[in-house]
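J.: Got a structure for you, questions after.
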Amino acid sequence: IWQIIRCIYEKIEITISYYKMSRALVERRIKPVAVTFSEYYFYLIAYRCDVEDWKPLYYRVDRIANIVEHRKHFQLDKAHDFDEGELRQKIQFMFSGAYRKIRFEYRGNSVQAILDKIPTAKVIDKVGNRQIIEAETFGAGVNMFLLSQGARIKALYPPDFVDEIKKGTENMYKLYNEQQ
(Lines give C-alpha, C1' and ligand atoms only; values in the text may rest on other atoms or scores of the structure.)
Protein backbone atom coordinates (compact mmCIF):
# COMPACT_ATOMS: atom_id res chain seq x y z
CA ILE A 1 0.00 0.00 0.00
CA TRP A 2 2.85 2.41 0.79
CA GLN A 3 4.33 1.93 -2.69
CA ILE A 4 0.94 2.62 -4.26
CA ILE A 5 0.40 5.74 -2.13
CA ARG A 6 3.84 7.05 -3.11
CA CYS A 7 3.03 6.47 -6.80
CA ILE A 8 -0.26 8.35 -6.35
CA TYR A 9 1.49 11.24 -4.62
CA GLU A 10 4.26 11.42 -7.23
CA LYS A 11 1.82 10.73 -10.12
CA ILE A 12 3.84 7.80 -11.47
CA GLU A 13 2.31 5.44 -14.04
CA ILE A 14 2.44 1.81 -12.95
CA THR A 15 1.74 -1.61 -14.40
CA ILE A 16 0.04 -4.06 -12.09
CA SER A 17 -0.31 -7.81 -12.41
CA TYR A 18 -3.79 -8.36 -11.04
CA TYR A 19 -5.97 -11.36 -10.28
CA LYS A 20 -9.51 -10.64 -11.47
CA MET A 21 -12.55 -12.02 -9.63
CA SER A 22 -12.39 -15.03 -11.97
CA ARG A 23 -8.78 -15.61 -10.81
CA ALA A 24 -7.45 -14.79 -14.30
CA LEU A 25 -4.16 -12.89 -14.12
CA VAL A 26 -4.08 -9.69 -16.20
CA GLU A 27 -1.66 -6.80 -16.60
CA ARG A 28 -2.86 -3.21 -16.63
CA ARG A 29 -0.88 -0.04 -17.14
CA ILE A 30 -2.64 2.55 -15.01
CA LYS A 31 -2.59 6.02 -13.51
CA PRO A 32 -3.21 5.50 -9.76
CA VAL A 33 -5.30 8.25 -8.15
CA ALA A 34 -6.54 7.00 -4.76
CA VAL A 35 -6.63 4.21 -2.21
CA THR A 36 -9.83 3.66 -0.27
CA PHE A 37 -11.18 1.15 2.23
CA SER A 38 -14.63 -0.33 1.68
CA GLU A 39 -16.47 -3.54 2.47
CA TYR A 40 -13.48 -5.03 4.38
CA TYR A 41 -10.87 -4.42 1.62
CA PHE A 42 -8.46 -1.77 0.41
CA TYR A 43 -9.02 -0.69 -3.19
CA LEU A 44 -6.72 1.09 -5.63
CA ILE A 45 -8.64 3.49 -7.84
CA ALA A 46 -7.01 4.29 -11.15
CA TYR A 47 -7.47 5.30 -14.76
CA ARG A 48 -6.23 3.12 -17.63
CA CYS A 49 -3.31 4.53 -19.62
CA ASP A 50 -4.33 2.92 -22.91
CA VAL A 51 -7.97 4.07 -22.90
CA GLU A 52 -9.18 7.67 -22.92
CA ASP A 53 -12.63 7.04 -21.44
CA TRP A 54 -11.57 8.34 -17.99
CA LYS A 55 -13.73 5.81 -16.19
CA PRO A 56 -12.27 5.09 -12.74
CA LEU A 57 -11.45 1.43 -12.21
CA TYR A 58 -11.21 -0.32 -8.85
CA TYR A 59 -8.62 -2.95 -8.00
CA ARG A 60 -8.63 -4.86 -4.73
CA VAL A 61 -5.16 -4.33 -3.32
CA ASP A 62 -4.89 -7.90 -2.00
CA ARG A 63 -5.31 -9.19 -5.58
CA ILE A 64 -2.32 -7.23 -6.92
CA ALA A 65 0.51 -9.71 -7.48
CA ASN A 66 3.15 -7.28 -8.75
CA ILE A 67 3.73 -3.57 -9.35
CA VAL A 68 6.15 -2.10 -11.89
CA GLU A 69 6.81 1.63 -11.64
CA HIS A 70 7.46 3.51 -14.88
CA ARG A 71 9.51 6.62 -15.44
CA LYS A 72 6.52 8.36 -16.97
CA HIS A 73 4.59 10.76 -14.76
CA PHE A 74 1.04 11.86 -15.48
CA GLN A 75 -1.08 14.93 -14.89
CA LEU A 76 -4.83 15.08 -14.44
CA ASP A 77 -6.76 18.14 -15.54
CA LYS A 78 -9.64 19.43 -13.43
CA ALA A 79 -12.20 17.58 -15.57
CA HIS A 80 -10.61 14.21 -14.67
CA ASP A 81 -9.52 14.97 -11.12
CA PHE A 82 -10.74 12.22 -8.82
CA ASP A 83 -13.13 13.01 -5.94
CA GLU A 84 -13.12 10.18 -3.40
CA GLY A 85 -15.90 11.78 -1.35
CA GLU A 86 -18.23 11.80 -4.35
CA LEU A 87 -17.36 8.16 -5.08
CA ARG A 88 -18.17 7.09 -1.51
CA GLN A 89 -21.60 8.70 -1.76
CA LYS A 90 -22.51 7.17 -5.11
CA ILE A 91 -21.10 3.63 -5.15
CA GLN A 92 -22.06 0.44 -3.36
CA PHE A 93 -19.91 -2.70 -3.07
CA MET A 94 -17.09 -1.13 -5.15
CA PHE A 95 -18.53 -2.19 -8.50
CA SER A 96 -17.30 0.22 -11.12
CA GLY A 97 -19.49 1.61 -13.85
CA ALA A 98 -21.06 4.67 -15.33
CA TYR A 99 -22.80 7.43 -13.41
CA ARG A 100 -26.57 7.36 -13.50
CA LYS A 101 -29.54 8.74 -11.67
CA ILE A 102 -31.92 5.97 -10.62
CA ARG A 103 -35.48 6.04 -9.33
CA PHE A 104 -37.25 3.26 -7.47
CA GLU A 105 -40.30 2.62 -5.33
CA TYR A 106 -39.89 1.42 -1.75
CA ARG A 107 -42.71 -0.37 0.11
CA GLY A 108 -40.93 -1.31 3.32
CA ASN A 109 -41.16 -0.29 6.95
CA SER A 110 -37.81 1.52 7.21
CA VAL A 111 -37.05 3.97 4.45
CA GLN A 112 -34.26 5.26 6.68
CA ALA A 113 -32.34 2.00 6.12
CA ILE A 114 -32.38 2.72 2.38
CA LEU A 115 -31.38 6.36 2.86
CA ASP A 116 -28.53 5.31 5.17
CA LYS A 117 -27.11 2.77 2.70
CA ILE A 118 -27.36 5.07 -0.35
CA PRO A 119 -26.18 8.52 0.82
CA THR A 120 -27.43 10.36 -2.29
CA ALA A 121 -30.93 8.86 -2.00
CA LYS A 122 -33.84 11.15 -1.26
CA VAL A 123 -37.57 10.60 -1.08
CA ILE A 124 -39.13 12.63 -3.89
CA ASP A 125 -42.75 11.48 -3.52
CA LYS A 126 -44.98 9.45 -1.22
CA VAL A 127 -48.16 7.66 -2.30
CA GLY A 128 -49.83 5.62 0.42
CA ASN A 129 -47.30 3.11 1.74
CA ARG A 130 -45.04 3.63 -1.30
CA GLN A 131 -42.15 6.05 -1.30
CA ILE A 132 -40.46 7.09 -4.53
CA ILE A 133 -36.71 7.43 -4.06
CA GLU A 134 -34.17 8.97 -6.40
CA ALA A 135 -30.39 8.50 -6.10
CA GLU A 136 -27.21 9.24 -7.99
CA THR A 137 -25.01 6.15 -8.33
CA PHE A 138 -21.97 4.71 -10.07
CA GLY A 139 -22.05 1.16 -11.39
CA ALA A 140 -24.38 -1.73 -10.68
CA GLY A 141 -23.35 -2.41 -7.07
CA VAL A 142 -26.51 -0.64 -5.95
CA ASN A 143 -28.49 -3.37 -7.75
CA MET A 144 -27.11 -5.99 -5.33
CA PHE A 145 -28.33 -3.97 -2.37
CA LEU A 146 -31.73 -3.23 -3.87
CA LEU A 147 -32.27 -6.88 -4.88
CA SER A 148 -31.58 -7.84 -1.26
CA GLN A 149 -34.72 -5.86 -0.34
CA GLY A 150 -36.93 -8.36 -2.18
CA ALA A 151 -40.52 -7.34 -2.92
CA ARG A 152 -40.10 -4.04 -1.08
CA ILE A 153 -38.34 -2.52 -4.13
CA LYS A 154 -39.57 -1.78 -7.65
CA ALA A 155 -37.21 -0.14 -10.15
CA LEU A 156 -38.75 2.78 -12.06
CA TYR A 157 -36.05 4.64 -14.02
CA PRO A 158 -33.92 4.64 -16.19
CA PRO A 159 -34.96 1.79 -18.51
CA ASP A 160 -31.59 -0.02 -18.35
CA PHE A 161 -31.77 -0.02 -14.52
CA VAL A 162 -35.34 -1.39 -14.65
CA ASP A 163 -34.21 -4.14 -17.05
CA GLU A 164 -31.25 -5.07 -14.80
CA ILE A 165 -33.48 -5.39 -11.73
CA LYS A 166 -36.09 -7.38 -13.70
CA LYS A 167 -33.42 -9.75 -14.97
CA GLY A 168 -32.04 -10.16 -11.44
CA THR A 169 -35.45 -11.09 -10.04
CA GLU A 170 -36.14 -13.43 -12.97
CA ASN A 171 -32.83 -15.20 -12.38
CA MET A 172 -33.67 -15.62 -8.68
CA TYR A 173 -37.08 -17.03 -9.58
CA LYS A 174 -35.49 -19.53 -11.98
CA LEU A 175 -33.25 -20.82 -9.20
CA TYR A 176 -36.31 -22.00 -7.32
CA ASN A 177 -37.84 -23.72 -10.35
CA GLU A 178 -34.79 -25.67 -11.49
CA GLN A 179 -34.83 -29.43 -11.35
CA GLN A 180 -32.19 -30.65 -8.90
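J.: Which value, in Å², gives the accessible area per residue of the chain when a 1.4 Å probe is used on the protein heavy atoms? Don't skip to the answer; put the middle values down first.
T.: Values: 11070 Å² over 180 residues.
Here the per-residue accessible area is 62 Å².
J.: Something else about it: Kindly flag which residue pairs out of 126/174; 11/122; 11/55; 20/122; 55/126; 101/167 have an alpha-carbon separation exceeding 29 Å in this structure.
T.: Values: 126/174 32 Å; 11/122 37 Å; 11/55 17 Å; 20/122 34 Å; 55/126 35 Å; 101/167 19 Å.
Violating the 29 Å limit, Cα to Cα: 126/174; 11/122; 20/122; 55/126.
J.: Given +1 on the Cβ of Lys and Arg, -1 on the Cβ of Asp and Glu, and no further charges, what dipole in debye does the chain carry about its Cα centre, rounded to the nearest 20?
T.: Values: 29 positive and 24 negative charges, 55 e Å.
Its charge dipole is roughly 260 debye.
J.: Between residue 66 and residue 9, what is the label-to-label distance in nm when each label sits 7 Å out along the Cα-to-Cβ direction?
T.: Going by the 7 Å Cα→Cβ label model, 2.6 nm.
J.: Helix 159-175 versus the longest principal axis of the chain: what angle, 0 to 90°, nearest 10, using Cα atoms?
T.: Computed tilt is about 80 degrees.
J.: A follow-up question, please. Take residue 148 and residue 101, extend 7 Å from each Cα along the Cα→Cβ direction, and tell me the distance between the two endpoints in nm.
T.: Each label point lies 7 Å from its Cα, and together they span 2.7 nm.
J.: Rounded to the nearest 500, what is the chain's calculated 222 nm mean residue ellipticity when only DSSP H runs of at least 4 contribute -39500 (n - 2.57) each, over all residues? Spell out each step's value before the answer.
T.: Working: 5 runs with 47 residues, N = 180.
Rounded to the nearest 500, the figure is -7500 deg cm²/dmol.
The values are calculated or read from the model by the stated rules, or taken from the named source; none is laboratory data. Since this is a predicted model, take the numbers as computed values, not measurements. Ideal geometry is used to build each Cβ from the backbone, glycine not excepted, and the neighbour counts take in all protein chains shown. Note: areas computed on protein heavy atoms with side chains; ligands, DNA, RNA excluded. Shrake-Rupley method; radii C 1.70, N 1.55, O 1.52, S 1.80 Å.
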